[in-house]
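Working notes, structure below.
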Amino acid sequence: MPRGFVDETLLEVSSGTGGAGAVSFRREKYVPKGGPDGGDGGKGGDLVFVVKSNLKTLSHLSGNKRYKAKNGDPGRGRKCHGKDGEDLEITVPPGTIIRDGITQQVYKDFDQDLDGERWSFLRGGKGGLGNWHFRSARKQAPKYAQDGIPCQEASVLIELNVIADIGFVGFPSAGKSSLLRELTNANPKVAPYPFTTKIPNLGVLRISEKEVVLADIPGIIKGASHGIGLGFKFLKHISRTQALAFMLDLGEDNFLETYDQLLKELEIYEPSLLNKERLIIGTKKDLDEMGERGMIFEETFKSLPHIQVSIFTREGMEDLKTLFLSLAK
């Protein structure tokens with residue numbers, strides 16, 4: 001899977017280099033032997049990550065793979081200090097993890113929704129000292145000044161774990177995107193073919209004064225945990241959901257096999273995912289004209305929270321909202 005999806009992107013980042021100190025001498029009228037007056041260079045800018053709660057993806061970072069803070073300006077005569085370089089802020093959503101781009105070591109995990117939280121990752125280089133610092137009784141005209149401290153550079157993997165109350169889990173075309181669009185203000189792409197959803201989509205279900213965040217996770221297929229189809233790239237997004245909603249297409253005869261396969265893929269990826277609360281949703285109830293699959297559904301999942309719904313006929317939709325509310329703690 002190529003880099004650059006909205007949930008993961010590899011960036012080359014660097015702070016700013018410090019400005020060089022100046023070599024300068026006083027040149028004033030009536031001062032025949034002016035001393036050194038070279039000013040110091042400015043500090044390079046820091047590379048800073050800032051959390052913005054209004055961001056939901058990393059798509060704003062996909063167009064640029066290199067980020068560098070401003071360098072400090074060099075010093076000038078008359079002991080004038082060079083201007084410090086501006087810090088460069090990279091905004092990320094809550095739930096972002098900053099890793100080393102090579103070793104995968106975690107540098108920072110923004111696991112709390114703290115709008116405005118700042119983290120200085122790379123410090124800008126200090127400015128060099130101007131030549132007036134190096135004057136002495138024995139060396140009254142130093143022609144030497146320091147260079148600025150070089151910038152710091154790094155390759156970082158920016159990774160986003162979707163934070164939601166309930167994550168939709170199901171095979172492609174199970175109706176996950178349609179349900180999200182019906183219940184929330186989200187507008188995911190919906191089409192009658194597999195893998196319409198290429199990125200996780202978030203939506204907010206509002207019931208009275210309460211909000212439930214729903215996440216549509218791109219379709220899992222048999223072998224996803226081994227990289228088949230879209231692979232397990234998006235399974236990590238359900239690790240922070242409070243509960244899982246398994247979407248089973250009642251228009252298909254093998255919907256029970258689908259449930260077993262979904263459980264298996266989750267267990268292979270991360271066994272602890274099976275400990276999350278789960279809701280079983282039979283979608284497309286209107287396609288079960290004889291009601292036979294619905295009867296099997298009810299008998300099979302009678303020990304678990306479950307419901308049959310149809311977006312087309314609206315059957316079960318209001319009850320489903322209530323179930324979502326009870327799962328979101």
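Each reported figure results from applying straightforward, stated rules to the coordinates on display, with no laboratory input. Given the structure is predicted, the values throughout are model-derived calculations rather than measurements. Glycine gets a Cβ as well: all are built from the backbone with ideal geometry, and neighbour counts include every protein chain shown.
Before moving on, here are some points about what is shown:
- Fraction of beta bridges assigned by DSSP in the range 3-104 that are antiparallel (%, nearest 5): 20 percent
- Dipole magnitude for the range 13-165: computed about the Cα centre from +1 point charges on Lys and Arg Cβ and -1 point charges on Asp and Glu Cβ, it is near 1560 debye.
- Each Lys and Arg contributes +1 and each Asp and Glu -1, all at the Cβ; summed about the Cα centre of the range 248-305, the dipole is approximately 280 debye.
- Computed E for Arg66/Arg138 - FRET, C-beta separation, R0 51 angstrom, nearest 0.05: 0.60
- Nearby aspartates and glutamates by direct alpha-carbon distance to Lys65 (threshold 17 angstrom, same-chain neighbours under 8 apart not counted): Asp7, Glu8, Glu12, Glu89, Asp100, Glu153, Glu159
- Karplus 3J(HN,Hα) series, Hz, for the range 170-181 with 6.51 cos²θ - 1.76 cosθ + 1.60 (x for Gly, Pro): x, 6, x, 6, 7, x, 5, 5, 5, 5, 4, 5
- Placing a pseudo-label 7 Å from each Cα along the Cα-to-Cβ vector at Glu117 and Thr91 gives an inter-label distance of 1.8 nm.
- In this simple spin-label model, placing a label point 7 Å from the Cα along the Cα-to-Cβ direction at both Asp109 and Ile296 gives a separation of 4.1 nm.
- Cross-link pairs exceeding 26 Å in C-alpha to C-alpha distance, out of Lys52/Lys284; Lys276/Lys302; Lys276/Lys321; Lys176/Lys302, comprise Lys52/Lys284.
- Cut-off under 5 Å, modelled amide H: who pairs with Arg26 long-range: Gly35, Asp37
- Amide H to amide H, with H built 1.01 Å from N, His306 comes under 5 Å of Ile280, counting only residues 5 or more places away or on other chains.
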